[in-house]
Every structure is written in structure tokens, then in C-alpha cells.
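The values are calculated or read from the model by the stated rules, or taken from the named source; none is laboratory data. This is a predicted model, so every value here is computed, not measured. Because the Cβ atoms are built from the backbone with ideal geometry, glycine has one as well, and the counts that use them run over all protein chains shown. Areas reflect the complete protein model, heavy atoms only, side chains present, ligands, DNA and RNA absent. Shrake-Rupley method; radii C 1.70, N 1.55, O 1.52, S 1.80 Å.
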Amino acid sequence: SDYKRGYNCRDLSGWSCDGGTIKYGMLVRGSEPNSVDRDLMVDKIGIKTEVQLLPLREQATDYKMKSAWGIDWAGNDTENVKVYSPADASDPAKKALWAKILKAIIDSVNHDKPVYFHCGVGADRTGVTAMVLEGIFGVSSDNVDIDFELTNFALGWHYLESGDVYRGREYTEYIKLKQAFTAIPLVGGLSDTFRNHCVSFALSLGITIDEINAFRTAMIDGTPEILVGTNYTVTNALTGVTNSNAAQSAEE
């Protein structure tokens, strides 16, 4: 890239996960895009959807609410709301933004449209979004740490300019992030694993277990486990509806 912020960009792929490895070419994480990289990212790599994590006041003036590459745009359309942690979902506005971000990514992949998701420098907001996605795929907690730390190889220029800190597993803010994930309430029946906390987080945002399973199937090169959501027991005699206690998932 001829654009300095374009340095911190990588495919979220190759990591071992449930039943295989994450596929290449479908999810790319990075920093704020610039039109100079359209030929590489759209024409060569095939990105179809840009998911913006920055609120309007932080978005580049020329690219507010639209893609720098002229492709489908989704993500943050608020003036000031931003998300840095799953703990932010306790705020209704931030929960709605989290749901919008993850839904846009999952829907795009489930329709075979590669995604580029980003914030400003591709470190923290991009990092926590990557963490949720990697968790859903079943990437180990250690490898999630490594992917977060890889940002340091790209941001040397940023440290020199701003005196920023090294981002690693001992980084105070990162420790808080990991703790926020382990604090996510588990959906009934799911065991206490990093993956299941991330899956439970997605379910809490209104993403269905069927959408999650389709996303895992689309993104995992191998044979991923089919996840089962909460089983519901019907305790009242219902009229005007069809129900089954044998169903493995439910939508409200």
C-alpha cells in the first residue's frame, strides 16, 4: 500500500479452529481504507463488503457512510457511539451497534461476499471484533492473543508518531477485554469455553444459532461441529402456533 495506514492489514485465516482451519479470502481485518488500494483489495483479493467500526465523527471526511472502494458499506452510522468490548453491550445503544456490526459481517459471508472490517489503525476495535469472530470459529485463546499481537509488526510508524503502547497479552486493556469475554453469560447447556462465551455473546445480540452455524460452515475449511442452542420446553397449551419440544433452536 502507498497509504501509511494500509500497512496493518491481514487475512483472518489459516488459524486452526473447530474441525479444520479458517478459510482464506473471506475475512480481512485492517485499518482505514483509501482509494489507492482499490485495485489490490477489490479487483485482486475480491472484497465485496466494507464494515466500518468508527462512528461518523471519526470517519474520513471523504468516506462518511460510504466505501472508499465503491463497494457495499455497512457498520457504524452513529455520530458518537463506539464499541471496544463485549461489556459495552450493557448499554442499549452499544448493544445495537454490536448487533449491527456482527450481523453485517455474518450476513455478507453467508452470502459468499468477502468482508473487509476496520477501524482507524486496525488495532483495538478491529482487534476485539476479530476476537469475537475467532472465538466463534473455535480458535484457541492463545492464538487469539497472537493475532492481536501481530498488529505490533505493522504499527511501528504509529508508535513513533504518537508514543503509543505495545499491544500484547500483558497490555492492561487487553486483559480487561479477555475478562469481559469470560464474563459473558453462557447460553443454557454450553460448556465454559472461550468459543462458547463468544457464541453466547452473538446469540445475546439476536443472531440465531442457525446463522452462526452457517457462518462457521462458510468460514471453516474442514468439518465444523454443528452447535446446538438452548432447548425450550413448552409448559403451556398453545393455540394458533406450531411448536415442538424436539426443536434444537428457536427464534423470537
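Assessment of the range 121-131 against the conditions (without any contact (Cβ under 8 Å) to a residue 12 or more places away in the chain, small (G, A, S) and either assigned to a helix (DSSP H, G or I) or open to solvent by less than 40 Å² (accessible area, probe 1.4 Å) (or both)) yields no matching residue. Answer yes if at least one residue in the range 152-166 is modelled with pLDDT of 90 or more, out of contact with any Pro (no Cβ under 9 Å at 6 or more places or on another chain) and outside any loop (DSSP other than H, G, I, E, B), and no otherwise. No - not one qualifying residue is present in the range 152-166.
Residues in the range 188-231 that are open to solvent by less than 30 Å² (accessible area, probe 1.4 Å), more than 23 Å from V115 (Cα to Cα) and among the aliphatic types (A, V, I, L, M): L227 alone.
For the structure I just gave you, tell me whether G14 is open to solvent by 20 Å² or more (accessible area, probe 1.4 Å), in contact (Cβ under 8 Å) with a residue 40 or more places away in the chain, assigned to a loop (DSSP other than H, G, I, E, B) and on the phi > 0 side of the Ramachandran plot. No, not satisfied.
A search for C-beta distances below 7 Å between a residue of the range 180-196 that is within 19 Å of L133 (Cβ to Cβ) and touching a residue at least 12 places away in the same chain (Cβ under 8 Å) and any residue that is open to solvent by 30 Å² or more (accessible area, probe 1.4 Å) and in a loop (DSSP other than H, G, I, E, B), counting only pairs 6+ apart in sequence or on different chains, returns L186/D192; V187/T230. Considering every residue within the range 196-211, establish whether at least one is within 26 Å of P92 (Cα to Cα) and modelled with pLDDT under 90. No, the range 196-211 has no match at all.
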